[in-house]
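In what follows, a single structure is set out as structure tokens and then discussed.
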Amino acid sequence: MIAAFEYFAPKTVEEALSLLSKYKEEAKMIAGGQSMLVVMKQRLLTPEYLIDIKGLTALDYIKYDEKQGLRIGALTIHRALEKSPVVQKHFGVLSEMEGNLATIQTRNWGTIGGNLCHSDPAGDPAAVFIALKAKFKLASSGKERIVEADEFSTDYLEADLKPNEMLTEIQVPNPPPHSGTAYEKLMVMKGDMGVIGAAVSITLSGKDSVCQDARIALSNCSSIPLRAKKAEEVLIGKTLNDGLLTEADEVAATEATPPSDVHGSAEYRREMTKVFVKRVAKLALEKAKAA
Ligand SMILES: Cc1cc2nc3c(=O)[nH]c(=O)nc-3n(C[C@H](O)[C@H](O)[C@H](O)COP(=O)(O)OP(=O)(O)OC[C@H]3O[C@@H](n4cnc5c(N)ncnc54)[C@H](O)[C@@H]3O)c2cc1C
């Protein structure tokens with residue numbers, strides 16, 4: 001059973017932040033509750049004060065600008081990202097990823113901010129945002145700071161969020177010309193959490209196959225969504241070919257420290273990491289050539 005708590009439903013972001021700064025460690029926010037209620041039922045979290053932010057419509061938006069790129073309010077639901085024409089046009093990988101995240105019911109209620117702040121290494125959006133070089137805007141009363149997507153998760157279910165801070169916005173820059181990003185996860189059934197997942201971004205120097213920049217991020221391969229920096233280095237500055245992609249997938253697998261559980265052993269996950277990094281890098285390369 002869930003432990004007793006005092007419930008607040010602030011009407012504004014300022015009110016929510018003021019409650020957070022008043023109650024700090026004793027308070028937790030709840031958005032869609034899709035993850036929060038599970039950890040409360042398990043008594044992994046027993047907040048004395050629960051701050052319900054689901055009604056903060058000011059943080060429910062998707063905005064696109066040619067200079068600034070994409071801005072997503074933390075209270076935006078997964079389904080809105082999946083169906084947004086602007087996301088589909090400029091950041092198709094995000095919409096594709098959302099289409100395979102959980103069921104329509106969960107996507108219709110769970111928020112992108114809740115997913116990221118829950119900091120589950122198996123979550124899909126974090127890896128994609130790392131590949132897209134996104135930044136997260138965190139707010140506390142009277143203050144804001146920006147954290148890079150690849151530095152936000154600090155440990156299993158832990159994020160770089162101070163007790164008086166909340167995530168307000170995800171900022172995704174427009175990729176340079178000749179860029180492509182792809183994400184795929186190994187699912188037993190469509191919509192499952194990935195046994196492992198890989199997101200790859202590739203930027204070519206022109207219409208040739210010289211890799212100017214690369215980002216590789218792995219889900220469910222560590223205690224955090226993992227950026228495979230050594231594998232990125234294999235690709236950057238080189239003319240991409242099948243052999244080089246194989247080298248990158250092997251290096252990525254050495255960077256992974258996956259768990260062993262009922263869904264697969266660490267060894268199996270490492271092998272699948274190789275398969276998925278190469279498969280997804282090929283998709284990203286095709287997209288970059290076509291961009
Ligand atoms: C059946 C099921 C299947 C799922 N499958 C997948 C899947 O395939 N892939 C995947 O990635 N995820 C999956 N999920 C996870 C799901 O995406 C998350 O549960 C959901 O997005 C969390 O959002 P929420 O709004 O419900 O957050 P909540 O559960 O309300 O909150 C989650 C955590 O984030 C904190 N929080 C929420 N918003 C903020 C904020 N703005 N600032 C600071 N802290 C905040 C809360 O305090 C809490 O710690 C699944 C969940 C379920 C229930």
Somewhere in region 41-56, is a residue crowded, with 17+ Cβ neighbours inside 10 Å, outside any helix (DSSP H, G or I), at pLDDT 95 or above and among the basic types (K, R)? yes
Can you confirm whether region 99-106 contains a residue that is away from the ligand (no atom under 13 Å from the Cβ), out of contact with any Cys (no Cβ under 8 Å at 6 or more places or on another chain) and farther than 26 Å from D52 by Cα? no
Would you be able to tell me the number of residues in region 25-53 that are touching a Ser or Thr at 6+ places or on another chain (Cβ under 8 Å) and either assigned by TED's automatic domain parsing to the domain that holds D120 or hydrophobic (A, V, I, L, M, F, W, C) (or both)? 2
List pairs: first residue in region 5-25 and under 20 Å from K162 (Cβ atoms), second residue among the charged types (D, E, K, R) anywhere in the structure, Cβ distance under 8 angstrom, at least six positions apart or on different chains. F8/D52; P10/D52; L20/E165; Y23/E48
Working only within region 142-154, note down all residues that are under 22 Å from L20 (Cα atoms) and assigned to a strand (DSSP E or B). K143, E144, R145, I146, V147, S153, T154
Pairs where the first residue, in region 110-126, is under 11 Å from I30 (Cβ atoms) and among the polar types (S, T, N, Q) and the second is within 6 Å of the ligand (Cβ to nearest atom) and not in a helix (DSSP H, G or I), C-beta under 6 Å, 6+ apart: T111/A31; T111/G32
Scan of region 10-50 for residues that are over 23 Å from T76 (Cβ atoms), within 13 Å of the ligand (Cβ to nearest atom) and among the hydroxyl-bearing types (S, T, Y), ordered by number: Y23, T46, Y49
Can you list the helices (runs of 4 or more DSSP H) lying wholly within region 81-120 that have 2 or more residues being farther than 14 Å from V172 by Cβ and either assigned by TED's automatic domain parsing to the domain that holds G194 or basic (K, R) (or both)? none
Subset of region 82-105 [in contact with a helix residue (DSSP H, G or I) (Cβ under 8 Å, 6 or more places away or on another chain) and hydroxyl-bearing (S, T, Y)]: S84, S95
In region 176-215, how many residues are within 17 Å of the chain's Cα centre (by Cα), surrounded by fewer than 22 Cβ atoms within 10 Å (Cβ to Cβ) and more than 16 Å from the ligand (Cβ to nearest atom)? 0
For the subset of region 1-40 comprising residues that are charged (D, E, K, R) and part of a helix (DSSP H, G or I), which member is surrounded by the most Cβ atoms within 10 Å (Cβ to Cβ)? E15
Kindly evaluate K63 against the criterion of being closer than 23 Å to P125 by Cα, more than 12 Å from the ligand (Cβ to nearest atom) and not in a helix (DSSP H, G or I). yes
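The values are calculated or read from the model by the stated rules, or taken from the named source; none is laboratory data. Keep in mind that what you see is a predicted model, and the values were worked out from it rather than measured. Backbone-built Cβ (ideal geometry, glycine too); neighbour counts: all protein chains shown.
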